[in-house]
C-alpha cells in the first residue's frame, strides 16, 4: 500500500534548496561511487580470471555448493572456466563474476581456503596459487556501502550519518528521492531550511538507532535515506495535524485521491510498515528503520509545536484552507452580483479585496459591483487603483478603456492622475486601438505638462492609431500637434511619412 501527500505545489520563487541539495547529493554519490567501483571491479575481475586462480578455487567452491544442495553443475562450471574469460559473452562473464563475489563473501569457505584446505600444500600449483592469491587480495577492496553503510555488529560512529546518503542502486535511489521530493519540499517550506535539515538528520539518526537496537548482531550494512524520509513523513503528519489535506493512495491495482486530516496518516503509515515487516520477513527493506523515522518525526512535530511554535509557518500550512474559504466567498459574492443584490456584493468583494489586495480578479469584480454607485468615494478610489495597474494585457485593455471612460464621467473636466501614469495609459490605448481616450489624455498632458518625457512618442502612437482607424482628419490633426510642440523630434518625420503613405 502506498500513501503519498499531494497537498502543496512548489513555489519556484522560493525553492526548497535543502531538499534539492539532498537529492543532488545522494544522486551524485551513487553515480560517483558506481563509476569508481565499476572501474575497480573491472580491474579485479580481469586479473582474477587471467591468474589461473578460478580453476583452483571456483571449481572447488562449485563442488562445495553442490554438496550443500545448491542448484549448480560443477562440470558445466569447469567447462566455462576452461574458456578464455575475454572471449565469453556478457551473461556468462556476469555469472562468473557473481560466483567470485559469492565465494569471497562465504566466510566458511574463505577460512578453509586461507588455511590451505582447498588448495593444499601437496598440490603442484600450491606456490603459484599462494603468489596469485596474495596479489589478488592486494587488489580487493571493501565496497563503499560496506565501509560507510551502517553495520550493527561492527559499526563506526560516522556511519550513523553516512548511511543516509548511500543507496543500493538506481531503483533504490529513485524511490527514496521521489518520496523525499514529494514530502520534503512541503516540510522545508513549513519549517524553514535550517530547522528542516536538523530534523532530517535527527530522524535519520533515530531510525538507524532503532534498527541497531533491534538487530544488534546483523552483519548486513544498512544504506539509504528512507529512515530520514520516513521521519519527514512523520513531521508532515504532525505539523499539519487535523488540517485536511489531499492524499494519493494505491492498494494493489486500485488507486484514488482522498482528503483527510493529516494526523491520521501517521498511524496508517506505521500500521503499513508493521504489516509489511510481519508479512515479508525476508525482505531487504529496513521496515524497523522506517518505523523509527515515522515515530521520531511525529515526536519532533509535537516538540516543535510545544517549544518552538514560531519556527512553524502556519500561514503556509493554512494556505489551502484560506484559498478554499476565499473561493467560497468569491462564488457567494458573484451570486449576489448576479441576483442584483448590490449592497451584499459590494460588502463581500470589499472584504475580499482587503484580505487579498493583489488579486486582480477580485479587484475587477469589486469595480463591477461599485459601478452601480459611480458617485461614491470608494468607486473613485478603486477606479484609480485599476487605472494604476501595470502589466495590462490586450484581453483586459477593453475593461481598462471602459474604466477610464467611467473615470472621466466621475471627474468631469479634469484628469487627476499622475502625468507618467497618463502617458502610460495613452500609449496602451493607442497601441491597442482606443485612440479616443488616448487623444483625450494627450491633449490634457499638452496643456498641463508639455515638457513630459516621451510625449512626442505618445503623439506618434495616437497618429498611427487614427491611421489604423482610417481617420485621415484625426491623424493629420495629431501630426499637426506633433509639429507644433516637437518640431525637432524624430517622431515628427516618421509621422509625416505615415500621412504621406496615404494608406486609408
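Just so it is clear, none of the values below were taken in a lab; they were calculated from the coordinates. Every value quoted in this text rests on a predicted model; they were computed, and no experiment measured them. Cβ: placed from backbone, ideal geometry, glycine included. Neighbour counts: every protein chain shown.
Using Cα-Cα distances under 8 Å and only pairs 6 or more residues apart, what relative contact order does the range 185-245 have, in percent?
In percent, rounded to a whole number, it is 46.
So between residue 327 and residue 76, what do we pick up on full extension, going 0.36 nm a residue minus the alpha carbon distance?
Residue separation times 0.36 nm, minus the Cα-Cα distance, leaves 83.1 nm.
Put a dot 7 Å past each Cα toward the Cβ at residue 17 and residue 396; how far apart are the dots in nm?
For the pair residue 396/residue 17, the computed spacing is 3.2 nm.
So how do 8-16, 298-306, 242-250 stack up, highest first, on mean other-Cβ count within 10 Å?
298-306, 242-250, 8-16
Once the Cα atoms of helix 490-501 and of the chain are each reduced to a long axis, what angle between those two axes, in degrees from 0 to 90 to the nearest 10, is obtained?
Between the helix axis and the principal axis of the chain, the angle is about 70 degrees.
How would you order 486-496, 142-152 from highest to lowest mean count of nearby Cβ atoms within 10 Å?
142-152, 486-496
So what's the back-of-envelope 222 nm ellipticity for the chain, counting only DSSP H runs of four-plus at -39500 (n - 2.57) apiece and dividing by all residues, rounded to 500?
-22000 deg cm²/dmol
At 0.36 nm per residue, and after removing the present C-alpha to C-alpha distance, how many nm does the segment from residue 444 to residue 158 gain when stretched out fully?
The residue 444-residue 158 span can extend by a further 95.4 nm.
Roughly how tilted is helix 319-338, in degrees to the nearest 10 and between 0 and 90, from the longest Cα axis of the chain?
30
So for the pair residue 493, residue 277, with labels modelled 7 Å out along Cα→Cβ, what separation do we get in nm?
8.4
Using only alpha carbon pairs under 8 Å that are at least six residues apart, calculate the relative contact order of the range 440-504 and give it in whole percent.
34
Ranked from highest to lowest mean number of other Cβ atoms within 10 Å per residue, what is the order of the peptides 251-258, 363-370?
Going from most to least packed, we get 363-370, 251-258.
Taking 7 Å along the Cα-to-C-beta vector as the label spot, tell me the residue 307-residue 242 distance in nanometres, rounded to one decimal.
So the two model labels end up 2.5 nm from each other.
Only residues of the range 156-171 count here: report those whose backbone N is under 12 Å from the spot 7 Å along Cα→Cβ of residue 142, or say none.
So the set is 156-159.
Rounded to the nearest 0.05, what FRET efficiency do residue 9 and residue 36 give with R0 = 35 Å and r taken as the Cβ-Cβ distance? Could you check?
So the FRET efficiency works out to roughly 0.40.
Students often get this wrong, so try it: which of [x] 1.13; [y] 0.98; [z] 1.62 is Cα Rg over 2.2 N^0.38 Å as calculated from the structure shown?
Calculated Cα Rg over 2.2 N^0.38 Å: the matching label is [z].
Given 0.36 nm per residue, what is the gain on full extension from residue 344 to residue 388 after removing their alpha carbon distance, in nm?
Contour length minus Cα-Cα distance gives 13.2 nm.
Relative to the longest principal Cα axis of the chain, at what angle does helix 435-448 sit, 0 to 90 degrees, rounded to 10?
Helix 435-448 sits at roughly 70 degrees to that axis.
Averaging sequence separations of C-alpha pairs under 8 Å and six or more residues apart, then dividing by the length of the range 51-141, give the relative contact order as a whole percent.
Value for the range 51-141: 33 percent.
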